[in-house]
Amino acid sequence: VLGRRAAREPWGAVFALGITQITAWGSIYYLFPLLMEPLQGALGASRSAVVGAFTVSVLISGLLAPVVGRAIDRRGGRWLMTGASLLASGGLAALGQVTSLLQLYLVWIVLGVAMAGTLYEPAFAVLTRAFVTHHRRAIAVLTLFGGFASTVFWPLGQALTGEFGWRSTAMIFGALNLVVCVPLHLFALPAAPEGA
């Protein structure tokens, strides 16, 4: 019986989450170093002020991690991660429109919330909940996927920034979250068990 249950474990969700981890890490987290200097110039702000916005987002993401984990324990991760990907899409689109330091901080607050619901912590929680026996193996495989985020998105971001500018790059990355992460989270993640 255990063998049959293990065979039915959702390895497709690991692959889907692998793609979304590459996209989310690459488009949100690894975008910031590419935009740091252009943001300073566009906003007339110091490096420390611009870095401060990103720091706030990371802090918010960390503070929300326990809340996100409890929500996934209760209801599963499908809707939470889908909603967070929508938020990331909107936040990145808004990032491409900022014209002041205040707007930059507000956008990175939104993106901090989005990171709390899209990066490793919620994905690991989903896999721990979904797998009967092989959740450690699933998490290890997912971590390997995530390692490709900088490999894919660093050169992609540089190429897009050079060709279209930083504002368009942020909006393109927002669109990637919309067309890649939203459907994969919505349709590939396991539904919450009945009674959860």
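Provide the net charge surrounding L39, with neighbours chosen by a C-beta distance below 11 Å and charges set as Lys +1, Arg +1, Asp -1, Glu -1.
Details: positive: R47, R167; negative: E37.
Surrounding charge for L39 is +1.
Quote to one decimal, in nm, the extra length available between M36 and I19 on full extension: 0.36 nm per residue of separation minus the C-alpha distance between them.
In short, 3.6 nm is gained.
Could you work out the relative contact order of the chain? I mean the mean sequence separation of Cα pairs under 8 Å and 6+ apart, divided by the number of residues, in percent.
After rounding, I find 42 percent.
Tell me the angle of helix 166-176 to the major Cα principal axis of the chain, expressed in degrees between 0 and 90 and rounded to the nearest ten.
Once rounded, the angle reads 20 degrees.
Would you mind computing Rg(Cα) / (2.2 N^0.38 Å) for segment 1-149, counting N as its residues?
With N residues counted in segment 1-149, Rg over 2.2 N^0.38 Å equals 1.16.
Points 7 angstrom from Cα along the Cβ direction at F164 and L63: gap in nanometres?
3.3 nm
Sort 131-144, 104-117 for me by packing, meaning the mean count of neighbouring Cβ atoms within 10 Å per residue, highest on top.
My ranking of the peptides, most packed first, is 104-117, 131-144.
Quick check: the angle from helix 101-116's long axis to the longest principal axis of the chain, C-alpha only, nearest 10 degrees?
Relative to the chain, helix 101-116 is tipped by roughly 10 degrees.
Would you list L59, L101 from the most to the least accessible area, probe 1.4 Å?
L59, L101
Report the calculated FRET efficiency for S100 and V179 (r = Cβ-Cβ distance, R0 = 30 Å), to the nearest 0.05.
Using R0 = 30 Å, I get an efficiency of 0.55.
Over the chain, give the accessible area per residue in Å² for a 1.4 Å probe, as an integer.
47 Å²
The values are calculated or read from the model by the stated rules, or taken from the named source; none is laboratory data. None of the values given here were measured: they were computed from a predicted structure. FYI the Cβ positions are ideal-geometry reconstructions off the backbone, even for glycines, and counts take in every protein chain you see. Accessible surface is based on the protein model in full, side chains and every heavy atom, while ligands, DNA and RNA are left aside. Shrake-Rupley method; radii C 1.70, N 1.55, O 1.52, S 1.80 Å.
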